[in-house]
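S.K.: Let me begin by handing over the structure; questions about it come next.
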């Protein structure tokens, strides 16, 4: 496992942290190469770091997140999660089950299930015992202010509540990395602020690494690191 | 629990589609159960005729149907004289017709035959049997549909016969049949000096093997089979059984296609949901299990409803007066087991392609484009 110094530490107190996410010279295209989205992107995120990916629509933020989360394969290059290379990894679902939580711009909840049932889905995948799963849900619901809405169906929830539910669900199996693709993108400014604050709170309390795509500069500026993407390439700021 | 709810949710979402699939399996199961049970009942009844107070049947080797079998009277006489044989009853089978009834089974038997001796005589005297060539005894059901009573004359085929008795048996074929003296039947069917089969009762059942080998040694053109052996190997029975299962199987195949169609639609309409489950750590096996679970549930429900419909239809058929005694509605547990297993297998087979399709759904594409 490779260790790097925390970018925010001063010379007197350098903290070494493990690289948990890494992409090396990653290329990705769609339509059989007709649309080149990523052009040799290299990226690293260390344990506990919050990273914001910014850039215009179509610059490759979401594509990079999908590759980092093991949801897609690069055409070329190397992606590793906790030093494990994803290429050719057969049981990739184990990554999504235990290591990585994903939050999308749209909440992607299952409408026919209640908030509680939606949140318990990752624990069903992991085979977590019911008692532990419910205890964890209570803990997260309390942190996200959803305790009183557990038995509500998704249609009854507000946009902010739905997104908070999605965050809860992503964190149910205690992942070490949270990938968020414009998590506040579909919310109004006020709700967006609330959700982001919650996200930061959860990241801090759970000791997560957060890699997030966002168009919101104000939000991006509050992350440990802001990475600018332009035309499939990356510029660290 | 949530896994089960994910399965149930989808069935509830598309209630009519689910109902049609369950109905498809149910009717297939009911058809299979009904057809197989009726035919097995018919076979059991026919076997019952042959095994009436006997353990072994002797008939002509290599005949496709017992109606074509000819056992010479000399052979019957010889076999009856063997020390190990208690009774040797020759029986001649024939198909006759009467007004409004194209098919009536006719049994040419001797006065000492167990069918005559052991039946319950509703009217008439068993001692009068075989006194005259034009005397017949009718089964109770046959008397009913021929509107005949003791002493009346009935037209059977090209001849007129005098009814000297009416007897009641538990066997539908016998109850709907006509019993003639053997010699009269031989003459009527132009089979003088022969019978279709000889039913044998041994003094000691242990001698069955010895008896069979003795028949084989002495009469190359005859074969002796124990009752169970006969039921198992008789080609007509095997054809009937195979036909019943094939007809039922075709029904189930159609039901299976219905399930396949439902499951394909189910997967296509929940691609996004499957993608969400994938992002939350569901494995291929879990996704496939969900699809198979859904089809298994449809099959189990369909099988349960089908068994109920089948049992009711068998019960109903048994009550139809015209079929009285012909339908043996006793459902054998092994038939139920096979039918349910086949229904489950059909459901699982129907879900195979949809499950593979679901397992191949790539979360990122499904979530990006929907």
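The values are calculated or read from the model by the stated rules, or taken from the named source; none is laboratory data. Model, not experiment: these values are computed from the prediction. Because the Cβ atoms are built from the backbone with ideal geometry, glycine has one as well, and the counts that use them run over all protein chains shown.
S.K.: Kindly indicate the residue of region B:105-136 that is under 15 Å from residue B:93 (Cα atoms) and part of a strand (DSSP E or B) and also farthest from the chain's Cα centre (by Cα) among those meeting that condition.
M.R.: B:136
S.K.: Scanning region A:126-136 for residues that are surrounded by 12 or more Cβ atoms within 10 Å (Cβ to Cβ) and either touching a strand residue (DSSP E or B) at 6+ places or on another chain (Cβ under 8 Å) or within 20 Å of residue B:278 (Cα to Cα) (or both), which turns out nearest to the other protein chains (Cβ to nearest Cβ)?
M.R.: Ranking the qualifying residues of region A:126-136, first place goes to A:126.
S.K.: While we're looking at this one, here's another question. Quickly run through region A:163-177 and pick out the residues that are at the interface with chain B (Cβ under 10 Å from one of its Cβ atoms) and in a loop (DSSP other than H, G, I, E, B).
M.R.: A:172, A:173, A:175
S.K.: When you check residue A:50 against the structure, is it at pLDDT 90 or above and more than 10 Å from every other protein chain (Cβ to nearest Cβ), yes or no? Spell out the reasoning first.
M.R.: Working: at pLDDT 90 or above: yes; more than 10 Å from every other protein chain (Cβ to nearest Cβ): yes.
Yes.
S.K.: Give the residues of region A:114-125 that are within 11 Å of residue A:154 (Cβ to Cβ) and within 7 Å of chain B (Cβ to nearest Cβ), sorted by residue number.
M.R.: Selection gives A:117 alone.
S.K.: Filter region A:138-158 down to the residues that are in contact (Cβ under 8 Å) with a residue 24 or more places away in the chain, over 21 Å from the mean Cα position of the chain (by Cα) and part of a helix (DSSP H, G or I) and list them by number.
M.R.: Selection gives A:149, A:154, A:155.
S.K.: Against the conditions (1) closer than 21 Å to residue B:365 by Cα; (2) in contact (Cβ under 8 Å) with a residue 40 or more places away in the chain; (3) more than 11 Å from chain B (Cβ to nearest Cβ); (4) surrounded by 15 or more Cβ atoms within 10 Å (Cβ to Cβ), where does residue A:86 fall short? Just the number, please.
M.R.: Residue A:86 satisfies every listed condition except (2).
S.K.: Based on what the data block shows, is residue B:267 part of a helix (DSSP H, G or I) and either within 14 Å of chain A (Cβ to nearest Cβ) or closer than 30 Å to residue A:128 by Cα (or both)?
M.R.: yes
S.K.: Consider residue B:141 against the criteria (1) more than 10 Å from residue B:181 (Cβ to Cβ); (2) assigned to a strand (DSSP E or B); (3) in contact with a helix residue (DSSP H, G or I) (Cβ under 6 Å, 6 or more places away or on another chain): it satisfies all of them except one. Which criterion is unmet?
M.R.: So the condition that residue B:141 fails would be (2).
S.K.: Please indicate, with yes or no, whether at least one residue in region B:275-297 is facing chain A (nearest Cβ under 10 Å), touching a helix residue (DSSP H, G or I) at 6+ places or on another chain (Cβ under 9 Å) and at positive phi.
M.R.: The answer is yes; a qualifying residue exists.
S.K.: Additional query: Does region B:281-292 include one or more residues that are in contact with a strand residue (DSSP E or B) (Cβ under 6 Å, 6 or more places away or on another chain), under 30 Å from residue A:103 (Cβ atoms) and touching a residue at least 60 places away in the same chain (Cβ under 8 Å)?
M.R.: No - not one qualifying residue is present in region B:281-292.
S.K.: Something else now. When you check residue B:282 against the structure, is it closer than 21 Å to residue B:4 by Cα, assigned by TED's automatic domain parsing to the domain that holds residue B:335 and assigned to a loop (DSSP other than H, G, I, E, B), yes or no?
M.R.: yes
S.K.: Which members of region B:228-251 meet the condition of being surrounded by 19 or more Cβ atoms within 10 Å (Cβ to Cβ) and within 23 Å of residue B:194 (Cβ to Cβ)?
M.R.: Those that are surrounded by 19 or more Cβ atoms within 10 Å (Cβ to Cβ) and within 23 Å of residue B:194 (Cβ to Cβ): B:230, B:234, B:237.
S.K.: Note down all Cβ pairs under 8 Å where the first residue falls in region B:44-58 and is within 15 Å of residue B:332 (Cβ to Cβ), the second is modelled with pLDDT under 75 and buried (at least 19 other Cβ atoms within 10 Å of the Cβ), and they're at least six residues apart or on different chains.
M.R.: Filtered contacts from region B:44-58: B:44/B:328; B:45/B:326; B:45/B:328.
S.K.: Kindly provide the set of residues from region A:50-83 that are closer than 15 Å to residue A:25 by Cβ and surrounded by fewer than 22 Cβ atoms within 10 Å (Cβ to Cβ), ordered by number.
M.R.: Selection gives A:73, A:75, A:76, A:77, A:78, A:80.
S.K.: Now for a separate question. Given the condition more than 27 Å from residue B:86 (Cβ to Cβ) and either in a loop (DSSP other than H, G, I, E, B) or within 14 Å of chain A (Cβ to nearest Cβ) (or both), answer yes or no: does some residue in region B:55-63 qualify?
M.R.: Yes, the conditions are met somewhere in region B:55-63.
S.K.: Does residue B:19 satisfy being modelled with pLDDT of 85 or more and in the same structural domain as residue B:254 (by TED's automatic domain parsing)?
M.R.: Working: modelled with pLDDT of 85 or more: yes; in the same structural domain as residue B:254 (by TED's automatic domain parsing): yes.
Here the answer is yes, as residue B:19 does meet what is asked.
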